[in-house]
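A.B. asks: The following block contains the structure, expressed as structure tokens.
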Amino acid sequence: MSQQNNFIACSCCFTDQGLRLDAQMLGESSASACPNCHKKQGAKLTKEALLRLAHQYFVWGSFHRTEYGGAPTIEFNNRRSGGEVAFPPSLSNDASLIEKVCGIGFFHYGPRLWMIGEVEPLKQLQDQSTRDTIIHRIINEYPEKSLDPGNLFYRVRKAPAVPDSHGEYDSPPIGVTGNGRFDAEDFRVLYASPDLEVCVHECRFSAEDELYVATLNTTKPLRLLNLTSIPKEDVTEFESLDISINMLFLARQHSYEIARQIATRARDEGFDGLIYPSYFSQLRTGVIPLRTTYGLSNRRIPEYQEIEEALSVPNYAFFGQPIDEGKINVRCINKMVISRVEYGFHFGPVGI
Ligand SMILES: [Zn+2]
């Protein structure tokens, strides 16, 4: 049987422009006529590709972030017969077609509450009266890691006053501190990452900025608390410290107050810094946040933990003035020319 007989739809089958474009990206070119709309020019989709399209557009595309965590508002499975969700008129026929040819039904997803931040240690971190207890657990239950001097990492700066001066790449001085995830008015932090794209993204440059990058390495073993690791714990998602920490670092500025207290406590306990998941991890790795399998977090499923750890792009936060203190060496300084910016994107529904 030839490959083309497996196609069940094509990008031309759809009315919604976002769905058409996503279908063009996931489909294959083929000169055969589409078995559904009979056009030849569309990108052809197998059932497998159409299910991928349904997940990308309707599930990921309807992902709604909450203060901590988030969840899709639409899901589908093959136990539903379809017609449950009132899609806007422009999307209604497209959704019905996918339901019919794939034998699935879309439905409004009521997320498990842990996905939208109902996680006990996370709630205790938000409560001033219980925060210290959880921070104590974080310091004790996460592993320590040191970086080998051969491990290079980077700091990118916009228009430093003296680009070839090593001091320009140390932590920002008191007076301009207090805007980042961990630093405070009286607490200096040097942010760096082994992932250059994350560094560039985090420095929020615009086209006219002059960028410089310092290549850095540690000069001696530093004590870093590794918050990108998944600690061993035998609990549900609702009680998980790991999920709490993961959500904390995927949250925006409202979470900084908690992160700063974790950092100062780690410093008081003798740590030189933290390794933590980048806020941009999900953009860098291109996967849906808070991945689940049958309602369970993939982070709680042993077979997936290594993958989940690998999907967390690390950032480093070093306390104090580590370059001035001789803990970190400036190995090289380069001018950085942004030659091209590319975005990966896909689409989702509106008004449901
Ligand atoms: Zn078609």
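A.B. asks: In the set 94, 22, which member is within 30 Å of residue 249 (Cβ to Cβ), within 16 Å of the ligand (Cβ to nearest atom) and at pLDDT 95 or above?
C.D. replies: Matching residue, one of 94, 22: 22.
A.B. asks: Additional query: Tell me which of these residue 246 doesn't satisfy, since it passes every other one: (1) modelled with pLDDT of 95 or more; (2) closer than 22 Å to residue 191 by Cα.
C.D. replies: Condition not satisfied by residue 246: (1).
A.B. asks: Give the number of residues within segment 153-204 that are assigned to a loop (DSSP other than H, G, I, E, B) and either surrounded by fewer than 13 Cβ atoms within 10 Å (Cβ to Cβ) or within 20 Å of the chain's Cα centre (by Cα) (or both).
C.D. replies: Counting residues in segment 153-204 that are assigned to a loop (DSSP other than H, G, I, E, B) and either surrounded by fewer than 13 Cβ atoms within 10 Å (Cβ to Cβ) or within 20 Å of the chain's Cα centre (by Cα) (or both) gives 18.
A.B. asks: Restricting attention to segment 44-55, and to residues there that are without any contact (Cβ under 8 Å) to a residue 40 or more places away in the chain and of a type outside the set (Lys, Arg), which single residue is farthest from the ligand (Cβ to nearest atom)? It would help to see each step written out before you state the result.
C.D. replies: Keep residues of segment 44-55 that are without any contact (Cβ under 8 Å) to a residue 40 or more places away in the chain, which gives 45, 48-49, 52, 55.
Filter once more, so that each one left must be of a type outside the set (Lys, Arg): 45, 48-49, 55.
Working: 45: 8, 48: 16, 49: 13, 55: 19 Å.
If we take residues in segment 44-55 being without any contact (Cβ under 8 Å) to a residue 40 or more places away in the chain and of a type outside the set (Lys, Arg), then 55 is farthest from the ligand (Cβ to nearest atom).
A.B. asks: Going residue by residue through segment 25-43, is there one that turns out to be part of a helix (DSSP H, G or I), open to solvent by 40 Å² or more (accessible area, probe 1.4 Å) and either touching a residue at least 40 places away in the same chain (Cβ under 8 Å) or away from the ligand (no atom under 14 Å from the Cβ) (or both)?
C.D. replies: Yes: segment 25-43 contains one or more residues that are part of a helix (DSSP H, G or I), open to solvent by 40 Å² or more (accessible area, probe 1.4 Å) and either touching a residue at least 40 places away in the same chain (Cβ under 8 Å) or away from the ligand (no atom under 14 Å from the Cβ) (or both).
A.B. asks: Residue check, residue 142 against (1) of a type in the set (Ser, Thr, Tyr); (2) closer than 21 Å to residue 350 by Cβ; (3) touching a strand residue (DSSP E or B) at 6+ places or on another chain (Cβ under 7 Å), all met but one. Which one?
C.D. replies: Just one mismatch for residue 142, condition (2).
A.B. asks: A further question on this structure: For segment 306-333, give me the residue count where each residue is at pLDDT below 90 and either surrounded by 14 or more Cβ atoms within 10 Å (Cβ to Cβ) or small (Gly, Ala, Ser) (or both).
C.D. replies: Adding up the residues that qualify gives 6.
The values are calculated or read from the model by the stated rules, or taken from the named source; none is laboratory data. All values derive from a computational prediction rather than experimental measurement. All Cβ positions, even for glycine, are placed from backbone atoms using ideal geometry, and neighbour counts span all protein chains on display. Please note that ligands, DNA and RNA were not included when accessible areas were found on the heavy atoms of the full protein model with its side chains. Shrake-Rupley method; radii C 1.70, N 1.55, O 1.52, S 1.80 Å.
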